[in-house]
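The structure follows.
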Amino acid sequence: MGKRDNSTLTNESCNRELYQIIKILKTSKSYIDNNKINMEIVNQVENAAKNLSNNKVTGTSIRNIYNAFKDIEMKINQNYLDLDECESEEGLKEELNNKLNENFLKNKPIIKLLQGKIKYLIQRKIKQKSDYKKICIYEGLYEFIKESINVICEANDVEEFTAFLKVFEAMYGYLEKGGER
């Protein structure tokens, strides 16, 4: 038997579920639909994680990426509110939301810069792989992260970032369990 022809394998064919999410993001430009996380994306997350897991993408690989986003979330959530200025519960919620958005906008450049760090992390993994399909899987993961970062950075409030984190956290959770509940 000869060597397998990898020309028919594309990043998209290796990562159908991730590319479904990417397609939704490119079309809608958002993780949010009608003030909640887009259900089309939610419906793809478990299968995307299962595909990553089946193709031996390690939890450590995903965790390194996830932790980078969680570090930024911690920076965004560092709020310094003047409680004396808030006259009501509604005022407190509004002030908190304003601070979150302000911190999000301050951290948008750092989120955008993560794209380079994540590309480096994934390139290191790819260098260790000789299997073309595994390389496709990792490249698809990068495309998903890259599109997610683009969507987040086009947003002008923290809700998009929060929605992405919830989706990515679910993906990571499913991956750790091999896609099973």
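Bear in mind these aren't lab numbers, they're just calculated from the coordinates by the rules spelled out. Predicted, not measured: the structure shown is a model, and the values here were computed from it. Cβ: placed from backbone, ideal geometry, glycine included. Neighbour counts: every protein chain shown.
Counting other beta carbons within 10 Å of each residue's own, what order do V42, V57 fall into, fewest first? Working shown, then result.
Details: V42 15, V57 20.
Ordered from fewest to most neighbouring Cβ atoms within 10 Å, V42, V57 come out as V42, V57.
So between T10 and M39, what do we pick up on full extension, going 0.36 nm a residue minus the alpha carbon distance?
Between T10 and M39, full extension yields an extra 7.8 nm.
For D71 and K127, FRET efficiency with R0 = 30 Å and r from the beta-carbon atoms, rounded to 0.05?
0.75
Follow-up question, since we're still on this one. Calculate one ³J(HN,Hα) per residue across region 51-60 by plugging θ = phi - 60° into the Karplus curve 6.51 cos²θ - 1.76 cosθ + 1.60, and present them in order as whole Hz with x for glycine and proline.
Going residue by residue, I get 5, 4, 5, 4, 9, 6, 6, 7, x, 5 Hz, with x marking Gly and Pro.
Under the rule a/c < 1.5 gives rounded, and otherwise a/b versus b/c splits prolate from oblate, where does the chain land using the Cα gyration tensor?
Prolate, since a/c reaches 1.5 and a/b exceeds b/c.
With θ set to phi - 60° and the Karplus curve 6.51 cos²θ - 1.76 cosθ + 1.60, what are the ³J(HN,Hα) couplings of region 15-22 in order, to the nearest whole Hz, using x for Gly and Pro?
10, 3, 5, 5, 6, 5, 5, 4
Output the pairs from K70/K117; K29/K99; K70/K134; K29/K106; K26/K119; K75/K106 with a Cα-Cα distance over 18 Å in this structure; if there are none, say none.
Over 18 Å apart, Cα to Cα: K29/K99; K70/K134; K29/K106; K26/K119.
For helix 89-127, what angle does its Cα long axis make with the longest principal axis of the chain, in degrees from 0 to 90 and rounded to 10?
20 degrees
Hey, another quick one. Could you list M39, M171 so that the one with the fewest beta carbons within 10 Å of its beta carbon is first and the one with the most is last?
Ranking M39, M171 by Cβ neighbours within 10 Å, fewest first, gives M39, M171.
Explain nothing, just the number: dipole magnitude of the chain about its Cα centre with +1 on each Lys and Arg Cβ and -1 on each Asp and Glu Cβ, in debye rounded to the nearest 20.
1780 debye
Would you work out the relative contact order for the chain, in percent, from Cα pairs under 8 angstrom that are 6 or more residues apart? Display every interim value, and only then the final one.
Details: 173 pairs, mean separation 72.8, N = 181.
Relative contact order for the chain comes out at 40 percent.
Using the basic label-point model (7 angstrom from Cα toward the beta carbon), what is the K23 to S88 distance in nanometres?
4.7 nm
Report, in deg cm²/dmol and to the nearest 500, the calculated mean residue ellipticity at 222 nm for the chain, where each DSSP H run with n ≥ 4 adds -39500 (n - 2.57) and the sum is divided by the residue count.
-25000 deg cm²/dmol
Same structure, new question: Apply the Karplus curve 6.51 cos²θ - 1.76 cosθ + 1.60, θ = phi - 60°, to the phi angles in region 154-160 and return the couplings in whole Hz, x for Gly and Pro.
Whole-Hz 3J(HN,Hα) from phi for region 154-160: 7, 6, 10, 8, 5, 4, 5.
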